[in-house]
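The values are calculated or read from the model by the stated rules, or taken from the named source; none is laboratory data. Since the model is a prediction, treat every value here as computed from it, not as a measurement. Cβ sites come from the backbone with ideal geometry, for glycine too, and all protein chains shown count toward neighbours.
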Amino acid sequence: MKLQNGLNLKSYLRGVKDIFLLDTIVSSGSGDVRLTTTSDITGSMSKVGGSYDGKVTAVIGNEASDVDSIVSSICYAYLKAHYNNNTMSDAAASAIIPIASISRSNLHFRRELDVLLKTIDLELNDLLCVDEVPLSRIHDNNKLSLILTDHNKLSSELSPFSSCVIEIVDHHVDSNKYSWVTGMLRDIAFDSITSKALVGSTCTLIAEKYFQLNNCDSALSAEIATLLMGVISLDTINMDPQAGIGTSRDSSALSRLQSISPHDQHHLFESLRDAKWDPIFWRDLSVMDSLIIDYKLFTTPSASSKPIGMSSILQTITDFTTKSDLRLGIAQFMKEQSLSMLVVMSCIQTPAPRRELLVITDNDQLLGAVDKFLMNTSSHNLDCVLQEPLTSRMQQVLKATNQVPGGTVIEPMLCSIYTQGNSKASRKQVAPLMLAFYDSYSK
Ligand SMILES: [Mn+2]
């Protein structure tokens, strides 16, 4: 079923929200656990291009839920809802909805997303978050399909829905899951030989899907073009060669989007960058909040030991370590996530791109092996150098056994802090390396 002609992005997102808002009201009143088919919902479903039997195709980004994940899911869902055709037999019969893979309470941390949405007269409140959708219920009724953007392996929380994955659009290393998703439906722009993403942003892949439409000119509205252009410019640091992220595909997408968007790419980039890297914002965050903002949990392929967590922060490690709740925040975070090791990746852009790594664990043998691995220049190109004075200062903080108010004892922990000379290697490169190391260490 196709959307009403001319339905803009805002009305579409409203329709998406209405379905679940109404559904919650009706089902909580009657105890009915099916997706309801009341006339109210029928109206909303028609807005989002769905049939009336409760089938849902959710387009969802990765668990770190950065602006690439969220915007790619919105723009792809909108494209599918508007322009699906007979080649999409499964999804064609469902409501196609974008879901931000982040809880409502954490969405406000996405400041650059807030800025980007406001440029097209949308706000964070217009989005649907993962904790607002009864995914389990839809799944249990056999009505759920999933399209993954900006990742190709569901988070452990969503992994019960693995069998529902029908399509992937991504630029991370292929984890070879969901073997039934093949051909055109498995669009993973990552070169496994060079370990490099072929595009700097999933939004480039989504833009390309719009460009391929016969009626691209009518499909690609100024709003969608602005969203995609904003994210691609942010992800590629406005095609800065020093950052080494943007590719020729990103650059062609940007110039074509600029011809449609009324906003200037460079101005938009600057306002998004300033919101994302705002030093005051990062200074005032608690340790727990800093760590959760852009966080991914990794289990080893053999899943033989406790997982490792990787958080990206947008301030220097030195600044991060001045936070007053450092010790307790790290301990709480690692306990909540039951981590054997936490890797904090710092990335700043001014005056020049600079990356650092902070590795924390309570296992001295493991830390010794990490040190050896990271500084072994023949096994990877991260070009890591241990920051001795900062490391020993931080070690002092983490070493003592503390009793905190409430009676919990914080066990001593260990850490190493490195400068990552290769500032072009992002988590896309570092995570698979760390995971391969950790897997062989755990065996
Ligand atoms: Mn991405």
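Residue-wise test of (1) modelled with pLDDT of 95 or more; (2) under 24 Å from Ser201 (Cβ atoms); (3) assigned to a helix (DSSP H, G or I); (4) more than 16 Å from the ligand (Cβ to nearest atom).
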{"position": "Arg355", "(1), (2), (3), (4)": "yes, yes, no, yes"}
{"position": "Phe373", "(1), (2), (3), (4)": "yes, no, yes, yes"}
{"position": "Thr377", "(1), (2), (3), (4)": "no, no, no, yes"}
{"position": "Tyr441", "(1), (2), (3), (4)": "no, no, yes, yes"}
Discussion item. Please pick out the residue among Val67, Val26 that is of a type in the set (A, V, I, L, M, F, W, C) and either surrounded by fewer than 16 Cβ atoms within 10 Å (Cβ to Cβ) or at pLDDT 60 or above (or both).
Written reply: Val67
Discussion item. It is to be established whether one or more residues within the range 409-432 are away from the ligand (no atom under 16 Å from the Cβ), of a type in the set (Val, Ile, Thr) and without any contact (Cβ under 8 Å) to a residue 60 or more places away in the chain.
Written reply: yes
Worksheet item: Can we say Leu254 is buried (at least 18 other Cβ atoms within 10 Å of the Cβ) and within 16 Å of the ligand (Cβ to nearest atom)?
Response: yes
Worksheet item: Is there any pair linking a residue in the range 1-22 that is at pLDDT below 70 to one that is among the β-branched types (Val, Ile, Thr), with Cβ under 6 Å and at least six apart or on different chains, and which?
Response: Leu22/Ile41
Practice prompt. Being in the same structural domain as Tyr76 (by TED's automatic domain parsing) and either away from the ligand (no atom under 16 Å from the Cβ) or without any contact (Cβ under 8 Å) to a residue 24 or more places away in the chain (or both) narrows it down to one of Leu127, Leu116, Leu148, so name that one.
Written response: Leu127
Worksheet entry | Residue that is nearest to the ligand (Cβ to nearest atom), among those in the range 215-227 that are in contact with a Phe, Trp or Tyr (Cβ under 9 Å, 6 or more places away or on another chain) and free of Cβ contacts under 8 Å to residues at least 60 places away in the same chain | Ala225
Worksheet item: Restricting the search to the range 155-214, which residues are in a strand (DSSP E or B), within 16 Å of the ligand (Cβ to nearest atom) and among the acidic types (Asp, Glu)?
Response: Asp170, Asp187, Asp191
Item to complete: Starting from the range 389-404, take each residue that is more than 17 Å from Asp362 (Cα to Cα) and list its partners that are in a helix (DSSP H, G or I) and at pLDDT 70 or above, counting only C-beta distances under 9 angstrom and pairs at least six apart or across chains.
Response: Leu390/Ile317; Leu390/Thr318; Val404/Arg327; Val404/Leu328; Val404/Ala331
Worksheet item: Taking helices (runs of 4 or more DSSP H) that fall entirely within the range 285-340, which contain at least 3 residues that are of a type outside the set (Val, Ile, Thr) and surrounded by fewer than 21 Cβ atoms within 10 Å (Cβ to Cβ)?
Response: 326-336
Practice prompt. Tell me, yes or no, whether the range 217-238 has at least one residue that is within 24 Å of Leu433 (Cβ to Cβ) and not aliphatic (A, V, I, L, M).
Written response: yes
Worksheet item: Of the conditions (1) farther than 21 Å from Leu268 by Cβ; (2) surrounded by fewer than 21 Cβ atoms within 10 Å (Cβ to Cβ), Ile99 fails just one. Which one is it?
Response: (2)
